[in-house]
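In what follows, a single structure is set out as structure tokens and then discussed.
Read the figures in this text as sums done on the coordinates, not as results from a lab. Predicted model, so just to flag it, every value in this text is computed and none were measured. Cβ coordinates were reconstructed from backbone atoms using ideal geometry, including for glycine residues, and neighbour counts include every protein chain displayed.
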Amino acid sequence: MIEVKNVSKMYGAFPAISDVSFRVEPGEILGFLGPNGAGKSTTMKIITGFMPPTAGEVSIAGYDVVTESLEARKHIGYLPETVPLYTDMNLKDYLQYMGKLRGMSAVRIAQRIPEVIDICNLGDYYNTIIAKLSKGFKQRVGIAQAILHEPDVLVLDEPTIGIDPIQVVETRQLIKNLGGEHTLIISTHILPEVSQICERVIIIHEGQVIAEDTPENLALRLVGSERVDLDVKGPQQDVLVALRDVEGVREAVRIDGAPGSVPRYRVQSELGVEVRADLASMVINSGWDLLRLDGVIMSLEEIFLRLTTEDEVIQVGPTQEDADAE
Ligand SMILES: Nc1ncnc2c1ncn2[C@@H]1O[C@H](COP(=O)(O)OP(=O)(O)OP(=O)(O)O)[C@@H](O)[C@H]1O
Ligand SMILES: [Mg+2]
């Protein structure tokens, strides 16, 4: 439904995004996750035909967003980062105006307005001047205008930003309900949002796609193998040196364990490398006592931080098992 192929965008000499490629299948909800300045909005502006890429191609429902822009746009509803609301209009007039701009017939507009108002739960605000609506409700008006012309693809740039927690819950539910009928891309830097709404997530960092998977898989792939805590009875300096010597270990430090118990160590392993078995046999072979060994599960939050704050960005590609299976 959405195909992004080797897209790059330069702002002058600055590469805002480089060689970004991905596909979104019909009915899928894709989360576009990245820290500030990662290139989320830039990618979305290109997908929606708002701005041309410097290189690469994007097609929506088979239409190229640059060369067949009009056709492509009929399929797209877009909630930009800053919603262009005409705040001195009331809600009904605004939606009517947006419908006309998109070439909808007066009859169709009249049918469709009550539908979108219902979907977005805006029934009490039909005649309210948009300027008087709260931020969360303005955001809903933004979503209402995006779905007005019944596009099959929705691109929502940080749809829940600046909304209070109660309205966030409702807005996320609204977005989730839009999935299924629509193919959706939402950008966010809020991790729970991705786990709650999206079926697949792309992590973008400094203009490059660094990971792509389901939220669950992204977490699973790294579970336990990332950070291991172990209690070892043995000479501390020797234990630390030996732990650091195990293949795949990046760092080992002494941490606070239970009071009065044997020393506890925390080991960081390389991404995706399972070191637990090797750690255990090293301790035993050294003649020390291993009293506890725990793989510490990383939350999506930690994975995200790890992926985006490493000195050297780590690519999470297919594992060796995936490669063997092919
Ligand atoms: N018009 C512009 N001219 C020059 N540089 C720009 C322009 N727009 C964006 N950039 C730069 O491109 C990079 C990507 O910006 P973009 O807005 O796509 O990030 P983002 O992921 O949406 O961030 P945020 O979470 O803050 O919205 C940033 O470094 C930004 O400073
Ligand atoms: Mg942005």
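From zero outward in steps of 20 Å, how is the percent of C-alpha pairs of the chain spread across the bins?
Reading the bins upward from 0: 28, 45, 21, 6, 0.
How big is the Cα convex hull of segment 14-89 in projection, averaged over all directions, in nm²?
Working: hull surface 26.7 nm².
That works out to 6.7 nm², a quarter of the Cα hull's surface.
May I ask you to derive the relative contact order of segment 112-197, considering only C-alpha pairs under 8 Å and at least 6 residues apart, and to give it as an integer percent? Kindly include the intermediate steps, with their values, before the conclusion.
Numbers: 68 pairs, mean separation 25.8, N = 86.
After rounding, I find 30 percent.
Using helices alone, what [θ] at 222 nm do you get for the chain, with -39,500 (n - 2.57) per DSSP H run of 4 or more residues, divided over all residues and rounded to the nearest 500? Each step should come with its number before you reach the end.
Values: 12 runs with 115 residues, N = 326.
For the chain, the value works out to -10000 deg cm²/dmol.
Run the Debye formula on the Cα coordinates of segment 227-296, all scatterers equal and no solvent, and tell me log10 I(q)/I(0) at q = 0.15, 0.17, 0.18, 0.20 1/Å.
For segment 227-296, the Cα-only Debye profile gives -0.39, -0.51, -0.57, -0.72.
Give me the net charge for the shell around GLU199: Cβ to Cβ below 15 angstrom, other residues only, Lys and Arg +1, Asp and Glu -1.
Numbers: positive: ARG23, ARG172, LYS176, ARG200; negative: GLU25, GLU28, GLU181, GLU193, GLU212, ASP213, GLU216.
In short, -3.
Could the peptides 64-73, 147-156 be put in order, highest first, of the mean number of other beta-carbon atoms found within 10 Å of their residues?
147-156, 64-73
Normalising by the residue count of segment 227-296, find the relative contact order in percent from Cα pairs under 8 Å and 6+ residues apart. Intermediate results must be reported in sequence, preceding the final value.
Values: 125 pairs, mean separation 32.5, N = 70.
Relative contact order comes out at 46 percent.
To the nearest 0.05, what FRET efficiency results for TYR86 and GLU216 with a Förster distance of 30 Å applied to their C-beta separation?
Numbers: r = 42 Å, r/R0 = 1.39.
Calculated transfer efficiency: 0.10.
Quickly work out the ILE119-to-LYS100 label distance, labels modelled 7 Å from Cα along the C-beta direction, and quote it in nm with one decimal.
Rounded to a tenth, the inter-label distance reads 2.3 nm.
Note down the net charge around ILE130, summing +1 for each Lys or Arg and -1 for each Asp or Glu among other residues with Cβ under 15 Å from its Cβ. Each step should come with its number before you reach the end.
On the way: positive: LYS92, LYS132, LYS135, LYS138, ARG140; negative: ASP88, ASP93, ASP124.
In short, +2.
Taking θ = phi - 60°, what integer Hz values does the Karplus form 6.51 cos²θ - 1.76 cosθ + 1.60 yield along segment 247-262, in sequence order, with x for Gly and Pro?
Karplus values, whole Hz, x for Gly and Pro: 4, x, 8, 8, 7, 9, 9, 7, 10, 6, x, 5, x, x, 8, 5.
Sticking with the crude label model, points 7 Å out along Cα→Cβ, report the distance from LEU70 to VAL241 in nm, one decimal please.
Taking the two extended label points, one gets 7.7 nm.
Apply 1/(1 + (r/R0)^6) to the Cβ-Cβ distance of SER261 and GLU170, taking R0 = 56 Å, and write down the FRET efficiency to the nearest 0.05. All intermediate terms of the calculation are to be shown ahead of the outcome.
Values: r = 47 Å, r/R0 = 0.85.
Using R0 = 56 Å, I get an efficiency of 0.75.
Could you give the length gained by full extension between GLU206 and ASP93, i.e. 0.36 nm per residue of separation minus their alpha carbon distance, to one decimal place?
Numbers: separation 113, 0.36 × 113 = 40.68 nm, distance 4.06 nm.
Contour length minus Cα-Cα distance gives 36.6 nm.
Nearest 0.05, what FRET efficiency do ARG23 and LYS132 give at R0 = 41 Å with Cβ-Cβ as r? Present the calculation step by step, with values, prior to reporting the outcome.
Working: r = 42 Å, r/R0 = 1.01.
For R0 = 41 Å, the calculated efficiency reads 0.50.
With an 8 Å cut-off on Cα pairs and a minimum separation of 6 or more residues, tell me the relative contact order of the chain in percent. Show your work: numbers first, answer last.
Values: 603 pairs, mean separation 59.3, N = 326.
Relative contact order comes out at 18 percent.
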